[in-house]
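Data first, discussion second: the structure below is written as structure tokens.
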């Protein structure tokens, strides 16, 4: 848990940002190797086709990424730290996990909103358990991906049963996460 | 495209709503969060550019037939394979769900496909690398992934127990 807290109305100090890390290097190498393979197989035209398609996709995605970043930053500023710690912190019990799961299920947008907001919750006092419940709920129960992609591709029957079976999983994952966390990092929890 | 428009409306509507609350807390709070959000954006754009523009190439060379084969009715170690297949699936939701749909049509067992779809939702390496690691603390990402490991299996077990989907 971050100890940094600010008085009401006072902006929090800026977060420290990670420089280019191993994840970027891994994906960069993976992309370079794959692009070379495509070039070998399909020639320069094949490489260009994919590039055009993906640059278009990237351009359409940018405004949403900005919206997600702003959403996360606003939420980190406006949520009162003590209230979040109480309702989503390590001692929030089943209720905290349920709130986290409900929040993940109703959150609009895609990964560009879910992860900035989850990160903001961690910053203002949610514990790993509630945040795991939120992320897992967004990924399994969130309506965005189900409506846009799963229903048309997998069909109604599969999608609905998949969601029904997934319903208990976010809270279970959060509870399991909390259970393991307090045993792995006992110093982080008072 | 109306679904995309609706998503954008809800998204920017939410941004405006929380932005307004921040403004009510004082112009200083609004300014600070705008600065934080913009810094996050500037910081994250190169990673997302690399991931989005590069993922097309990764998807183009991944042999999807192999993943589909893993989900066949004779895949005894279905849970393990489904989890690996889910994590290894490149590309966005279209690829993930299409592989699931193909596996179903090709005679894959519904519990296997269910485990695959859930594993994909939880572990797809591209989403982890592209979105979760840049935004979240590294300790959270690996902890979250490790804690999620049992759940594709649990979901498949529930599906087999109730005989659905």
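The values are calculated or read from the model by the stated rules, or taken from the named source; none is laboratory data. Computed from a prediction, not measured in an experiment: that's the story for all the values here. We place every Cβ from the backbone using ideal geometry, glycine too, and count neighbours over all the protein chains shown.
Out of curiosity, is residue A:97 within 17 Å of the chain's Cα centre (by Cα), farther than 19 Å from residue B:12 by Cβ and either part of a helix (DSSP H, G or I) or in contact (Cβ under 8 Å) with a residue 12 or more places away in the chain (or both)?
Working: within 17 Å of the chain's Cα centre (by Cα): yes; farther than 19 Å from residue B:12 by Cβ: yes; either part of a helix (DSSP H, G or I) or in contact (Cβ under 8 Å) with a residue 12 or more places away in the chain (or both): yes.
So residue A:97 fits the description; yes.
Table: residues versus (1) touching a strand residue (DSSP E or B) at 6+ places or on another chain (Cβ under 7 Å); (2) at pLDDT 95 or above; (3) surrounded by fewer than 23 Cβ atoms within 10 Å (Cβ to Cβ); (4) within 14 Å of residue B:14 (Cβ to Cβ).
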residue: A:86; (1), (2), (3), (4): no, no, yes, no
residue: A:90; (1), (2), (3), (4): no, no, yes, no
residue: A:113; (1), (2), (3), (4): no, no, no, yes
residue: A:120; (1), (2), (3), (4): no, no, no, yes
residue: A:129; (1), (2), (3), (4): no, yes, no, no
residue: A:135; (1), (2), (3), (4): no, yes, no, no
residue: A:141; (1), (2), (3), (4): no, no, yes, no
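Give the residues of region B:135-165 that are more than 18 Å from residue B:96 (Cβ to Cβ), more than 7 Å from every other protein chain (Cβ to nearest Cβ) and touching a helix residue (DSSP H, G or I) at 6+ places or on another chain (Cβ under 6 Å), sorted by residue number.
Result: B:141, B:153, B:160.
Is one or more of the residues making up region B:33-44 assigned to a helix (DSSP H, G or I), closer than 30 Å to residue B:102 by Cβ and under 23 Å from the mean Cα position of the chain (by Cα)? It would help to see each step written out before you state the result.
Filtering region B:33-44 down to residues assigned to a helix (DSSP H, G or I) leaves B:33-44.
Those still in the list that are closer than 30 Å to residue B:102 by Cβ too: none.
No, region B:33-44 has no match at all.
May I ask you to say which residue of B:126, B:112 is within 15 Å of the chain's Cα centre (by Cα) and within 19 Å of residue A:150 (Cβ to Cβ)? Steps first, answer last, please.
Details: B:112 fails: within 15 Å of the chain's Cα centre (by Cα).
Testing whether each residue is within 15 Å of the chain's Cα centre (by Cα) and within 19 Å of residue A:150 (Cβ to Cβ) leaves just B:126.
For region B:57-126, please list each of the helices (runs of 4 or more DSSP H) lying entirely inside it that holds at least 1 residues being at pLDDT 75 or above, more than 11 Å from chain A (Cβ to nearest Cβ) and surrounded by fewer than 17 Cβ atoms within 10 Å (Cβ to Cβ).
Working: elements: B:64-70, B:78-88, B:93-105, B:110-123.
Helices (runs of 4 or more DSSP H) meeting the threshold: B:78-88.
Under 7 Å between Cβ atoms, at least 6 apart or on separate chains: pull out the pairs that start in region A:33-47 with a residue that is at the interface with chain B (Cβ under 8 Å from one of its Cβ atoms) and closer than 11 Å to residue B:57 by Cα and end on any residue that is modelled with pLDDT of 90 or more and outside any helix (DSSP H, G or I).
none
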